[in-house]
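Remarks on the structure that follows.
Any read-out appearing in this document is the output of simple, stated calculations on the displayed coordinates, not a laboratory observation. The structure presented is a predicted model; accordingly, all values stated were derived computationally and were not measured. Cβ placement follows ideal geometry from the backbone for every residue including glycine, while neighbour counts extend to all protein chains displayed.
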């Protein structure tokens, strides 16, 4: 089974605005009261590669209108996320939207160019925290009620780890908040995985997470080496539906799906043995990320009238959408991909 890509993809691409004339990708999406709200990652063609969030909306999930010529949220001057903000994922508790996002203390620079390091370094003192010395990408939490003004709540992962792909479950499980994350350095015999993998942890407070994270899922099939969570899990009557991305040996990003037990999400009921979304077209293969066979990177999903909408970054330059019937995907998982 494959998700069906929209025939007019990409649905959002760079335009002439200074802060989004090079890249738009990796959007968080929320659907409510007939409107799709898309908070997307965007960057202009500046040497430091400053990354912002823009806001676009739609009534049909395919045709989106940018809501402003200025960013909805930008790196904060003299703040912990002054370097860049990346890859928003959105959930809602009561009347507030909580957004997990990655950040750096310094801009990453145009790391895809041959003469630029992948993570741009800046001179700091020997006593500086490791995060500053290495320009480590951590994850933080922000809250909003309107996607126009945001309260930044601060860091939610260990500052010594490159820990991104942080995703919240949209409701408490057994009285606890639940979070998926991907600490890049947790590899080796001690951790039970040879490549970065997905971990799960719990909390009574959205800013303070348990120290005892558990290994949740690692690469197991030929198209999976490094693994990371994609969009927030969706609650269904058959379990939590969760999309994830995997990188194969050629560094191509592809997408799979899991079905998790509702009361114990650590128990994987089903898991796709083959990708349900992978790069095929030029807009998914040619861009900021052009390694291997390209990149599809979902960070937003929602269900409207039985249809699953999946929003993804394509080659770190464009945004695409793919759909399928929710029940079709659930039946496929259960009937053909039971996980033992």
> What residue among 103, 253, 202 shows peak mean-square fluctuation when the chain is described by a Gaussian network model with Cα springs under 10 Å?
Replying inline: 202
> Between the range 1-23 and the range 54-95, what's the alpha-carbon centroid distance in Å?
Replying inline: 15
> Is the range 71-193 rounded, prolate or oblate when judged by the Cα gyration tensor, a ≥ b ≥ c being the square roots of its eigenvalues, rounded requiring a/c under 1.5 and prolate requiring a/b larger than b/c?
Replying inline: oblate
>> Helix-only estimate, please: 222 nm mean residue ellipticity of the chain, summing -39500 (n - 2.57) across DSSP H runs of length 4 or more and dividing by its residues, to the nearest 500.
In response: -1500 deg cm²/dmol
>> Run the numbers for residue 92 and residue 212: contour at 0.36 nm per residue of separation, minus the present Cα-Cα distance, in nm.
In response: 40.7 nm
> Got a sec? How would 5, 76 order by Cβ neighbour count within 10 Å, fewest to most?
Replying inline: 76, 5
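As an exercise, use a Förster radius of 25 Å and the Cβ-Cβ distance of residue 59 and residue 15 to find the FRET efficiency, rounded to the nearest 0.05.
Efficiency computed from Cβ-Cβ geometry: 0.75.
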>> At a 10 angstrom cut-off on C-beta neighbours, averaged per residue, how do the peptides 188-195, 82-89, 174-181 rank from highest to lowest?
In response: 82-89, 174-181, 188-195
> Which FRET efficiency, nearest 0.05, do residue 273 and residue 67 yield, Cβ-Cβ r, R0 56 Å?
Replying inline: 0.90
> Taking the simple approach of a point 7 Å from Cα along Cα-to-Cβ for both residue 153 and residue 305, what is their distance in nm?
Replying inline: 3.4
>> For the range 258-326, take the convex hull of the Cα atoms, compute a quarter of its surface area, and give me that in nm², please.
In response: 5.7
> Could you put 100, 57, 225 in order, starting from the residue whose Cβ has the fewest other Cβ atoms within 10 Å?
Replying inline: 57, 225, 100
> In a GNM of the chain with a 10 Å cut-off on Cα contacts, which of 246, 270, 42 has the highest mean-square fluctuation?
Replying inline: 270
>> More than 24 angstrom separation, counting every C-alpha pair in the chain; what % is that?
In response: 52
